[in-house]
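The values are calculated or read from the model by the stated rules, or taken from the named source; none is laboratory data. Quick caveat, the model's predicted, so the values are computed rather than measured. Backbone-built Cβ (ideal geometry, glycine too); neighbour counts: all protein chains shown. These area figures cover heavy atoms from the full protein model, side chains too; ligands, DNA and RNA do not enter into them. Shrake-Rupley method; radii C 1.70, N 1.55, O 1.52, S 1.80 Å.
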Amino acid sequence: MPKKQFKKVTNWVFDLDHTLYAPDHKLFSQIEHKMTLYIMDTLGLDADEANKLRHRYWNTYGTTLAGLMEEHRIDPVPFLWDVHQIDFSVLKPNPLLGAAISALPGRKIVYTNGTIPYAKEALLTLQISTVFDAIYGVESAGYRPKPQRKAFETVFSADNTNTKNGAMFEDDQRNLVIPKKLGMRTVLVTPSCESVPPHVDFITSDLTTFLRQIV
């Protein structure tokens, strides 16, 4: 049981997409589609080329936006506004998750590579927004994305996060490398995983149940 491993944790950091809701809700897939359309329109590519570029930038830079900024000097503000014009109603309220997070001792924050307004809308739809003390987005780190160390350091500094007494919950294992180095407990939230990376302390496919086990 993981309970004793979290006994001293007082700072809880949660990613949003595919962490606080499951991939089958088809929210982020809408964003991926919008990103592909934006790349097609901005760079004059066909759908296949734009989609491949989107994947390559995500793999190389951590986010598609980071690649577009680095290689094409894309302005992040209109890009982020456009790709987050989506249908949030695909998300379903999850009061059980909200209760499990609320029961955690200490400070709870959301840190996403999306924007703060996007995160607020998603959390409101999930009906769990009131359990968090703060929300941080990619704009909070000067548009540097996770997994960049500077991004984590900027957000954690702004929030006064005590990483030695912290825990990070993520669906992307790349984004747990730096939190682990900073002394945090790391939890990978995923439907399946063939092996446990060395920087991941725990893996769960059911965040609500996992959180109930550690309180």
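Some observations on this one:
- Euclidean distance of C-alpha centroids, the stretch 169-206 and the stretch 1-75, integer Å: 17 Å
- Cα-based values for the chain, radius of gyration first and Dmax second, are 16.9, 54 Å.
- Computed extension gain for Glu139 through Ser205, at 0.36 nm per residue and net of the alpha carbon distance, reaches 20.9 nm.
- Crossing angle, helix 149-159 versus the chain [Cα axis fit, 0-90 degrees, rounded to tens]: 60 degrees
- Accessible area (Å², per residue) of the chain, counting only protein heavy atoms and a probe of 1.4 Å: 48 Å²
- At R0 = 22 Å, FRET efficiency that the Cβ-Cβ distance of Gln85 and Ser129 yields, to 0.05: 0.65
- Relative to the dominant Cα principal axis of the chain, helix 47-61 is inclined by about 40°.
- Of the residues Asp201, Asp17, the one with the largest accessible area comes first in the ranking Asp201, Asp17, computed with a 1.4 Å probe on protein heavy atoms.
- Using C-alpha pairs below 8 Å separated by at least 6 residues, the relative contact order for the chain is 26 percent.
- Expressed as a whole percent, the accessible surface of the chain that belongs to carbon and sulfur atoms is 51, based on a 1.4 Å probe.
- Amide proton proximity set for Ile203, modelled H, under 5 Å, gap of 5+: Leu188
- In the chain, the DSSP-assigned H stretches of four residues or longer account for a calculated mean residue ellipticity at 222 nm of -12500 deg cm²/dmol, using -39500 (n - 2.57) per stretch and the full residue count as denominator.
- Cα extents for the stretch 50-95 along the principal axes, largest to smallest and rounded to whole angstrom: 41, 22, 19.
- For the chain, the longest principal axis of the C-alpha atoms and the axis of helix 28-43 are separated by about 30°.
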